[in-house]
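K.L.:
Before I ask anything, let me first share the structure, which is written out below as structure tokens.
Coordinate-derived values only; no laboratory data. Keep in mind it's a predicted model, so treat the numbers as computed, not measured. So basically every Cβ, Gly included, is an ideal-geometry build from the backbone, and we count neighbours across all protein chains shown.
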Amino acid sequence: MRVAVVGGGISGLVAAYRLRQALGDAAELVLVERRERVGGILRTVEIEGDPVDLGAEAFVGRRPEIPELMGELGIAEQLVHPAGKRPLVWSEGAGHPLPERTLMGIPAGAESVAGLVDARTLAAIEEEPNRPLTWVRGGDMSVGELVRDRFGEKVVRRSVDPLLGGVYAGLADSIGVRAALPTLAAALDRGAPSLTRAVSEALPPPSTTPVFGGIRDGYGVLLDALRAAADVKIEIGTAATRLTRTAKGWHVDPVGDVDAVILATPAPVTAELLREIAPEASALAAGIDLASSAVVALALPADTALPDNSGILVATGEPLRAKAFTLSSRKWPHLAARDVALVRASFGRFGDPAPLSWSDEDLISAAVEDLTTVTGADIRPLRAVVQRWPGGLPQYAPGHTTRIADLRSATADLPGLALAGAYLDGVGVPACAATGTKAAARITDHLG
């Protein structure tokens, strides 16, 4: 029995691990990855003698996938949680506390964004429950369109955009309500008479469970553990170029004949591989846009006067080049114990890939200058590392959930083929891992 996994990100590695669990030692598992390393947009490097993540550095702690996976792999002691400090929002040349009682920055009431927006906007929020709301049950629209109509432009640019930028490297106008905020869409479908009421209904109940989790020595620990447990043959620097049906299964160039295949690839790559065998599915995958970004990790002297916040999000329209800063040594207690202060600056949003073309020197200079602006501190890096993520994050545009349902329907009758990846059910690490598990289960069921 031979199974190919195309794509060596977290989705593909989890899929390979689950296949090994289900199929046993006799199965031949082959994973091909076009890059020169596995991990996808997860990457851990050493900075000043210690590991630092240059891609995702946290996961939603209220989802079970990653803690459970860490327990299975024997690395549960690596689980860490943030210090509980809140970020600032940089708007109008000043830092403001991140609004509370919001759903991805959408306020449940005017008091949530007091101080961040002007009096006219606060009055519009207060009045919003008295205005008729138009929402098509089961429909969709961009987050920006909905919030702008109900609460005004300043809420979009100063509260919603900064948070969506951190998740999707997108803007409120490029992200759909139903995919990004399913609980909000559900409240509106149930007939919530206003956006204020819908947000209040959609907010998660109070919980003592940490919102986020992380891995003490970086995601590289999880990737290494998955790779070892999967016992999979990995061919890096190898792109799958064509997928065709055979009498008994599939042929993957350059892997050869296999009994089954999992495509754990970005949407455009998936689209190309499906082009011959499932043209409708290919067209659906091809319609998913990607956003690019870049990260600059800075190691600063430990006594650098950084604010006592987890990060600084930048409102849309501010005269800064960075879109956000993670004050890692403030956010994570285990990083605070190191000999340097760590900061990550993020650049790039959907529709603005320009920062990827800047030189390392220009990106580092922009990070230092913008960090100086938002903190007022004397920023003198001991070391700086640049990581570019071209096409790293899919955009969950309006209608995305329907697109994915149609994509799954269009591939449902292809036995021995399964899909996984960040474009399906969420861009976070837990959601990606879940698609890998689901894909492996589909293949296991097919193989009997």
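K.L.:
Which value in Å does the Kirkwood hydrodynamic radius of segment 103-166 take, with 1/r averaged over all unlike C-alpha pairs and then inverted?
P.N.:
Its Kirkwood hydrodynamic radius stands at 12.1 Å.
K.L.:
What is the magnitude of the charge dipole of the chain about its Cα centre, with +1 placed on the Cβ of each Lys and Arg, -1 on the Cβ of each Asp and Glu, and no other charges, expressed in debye to the nearest 20?
P.N.:
The calculation lands at about 620 debye.
K.L.:
Also, quick follow-up: If we count other beta carbons within 10 Å of each Cβ, what is the order of Phe350, Phe325, fewest first?
P.N.:
Ascending Cβ contact count within 10 Å gives the list Phe350, Phe325.
K.L.:
Please list, by residue number, every one of the trypsin sites (Lys or Arg not before Pro) in segment 210-246 that is coil in DSSP and has at most 15 other beta-carbon atoms within 10 Å.
P.N.:
Arg216
K.L.:
Can you list the equivalent-ellipsoid semi-axes of the chain, largest first and in whole Å, using the square root of 5 times each Cα gyration tensor eigenvalue?
P.N.:
After diagonalising the Cα gyration tensor, the semi-axes are 37, 28, 19 Å.
K.L.:
Just to confirm a number: summing +1 for Lys and Arg and -1 for Asp and Glu over residues other than Gly351 whose beta-carbon lies under 14 angstrom from that of Gly351, what do you get?
P.N.:
Combined, the nearby Lys, Arg, Asp and Glu give -2.
K.L.:
Right, here's the next one. Using DSSP to define loop residues, name the trypsin sites (Lys or Arg not before Pro) in segment 1-72 whose beta-carbon has at most 15 other beta-carbon atoms within 10 Å.
P.N.:
For trypsin sites (Lys or Arg not before Pro) across segment 1-72 that sit outside H, G, I, E and B with at most 15 neighbouring Cβ atoms in 10 Å, the list reads Arg35, Arg37, Arg62.
K.L.:
Still on this structure, I have one more. With the contact rule set at Cα under 8 Å and sequence spacing of 6 or more, what percent relative contact order holds for the chain?
P.N.:
25 percent.
K.L.:
Out of segment 262-311, which GluC sites (Glu not before Pro) are coil in DSSP terms and have no more than 16 other C-beta atoms within 10 Å?
P.N.:
Here the sparse-neighbourhood loop sites are Glu276.
K.L.:
Return the subset of Lys154/Lys323; Lys154/Lys331; Lys85/Lys438 for which the Cα-Cα distance in this structure is over 24 Å, preserving the input order.
P.N.:
Exceeds cut-off: Lys154/Lys331; Lys85/Lys438.
K.L.:
Here's a follow-up. Using a Gaussian network model of the chain with C-alpha springs under 10 Å, which one of Thr208, Thr375, Thr134 is most mobile by mean-square fluctuation?
P.N.:
Top of the fluctuation ranking is Thr208.
K.L.:
Here is a follow-up. Per DSSP H run of at least 4 residues, take -39500 (n - 2.57); add these up for the chain, divide by its residues and hand me the 222 nm value, nearest 500 deg cm²/dmol.
P.N.:
Estimated from H runs of four or more residues: -10000 deg cm²/dmol.
K.L.:
Another question, then. Using the Kirkwood radius built from alpha carbon pairs, what does the Stokes-Einstein equation give as D for segment 121-245 at 37 °C and 0.692 mPa s, in µm² per second?
P.N.:
In µm²/s, the coefficient rounds to 182.
K.L.:
Checking understanding here: applying a Kyte-Doolittle mean of at least 1.0 and a length along the axis of at least 15 Å (C-alpha), which whole DSSP H helices in the chain pass?
P.N.:
219-230
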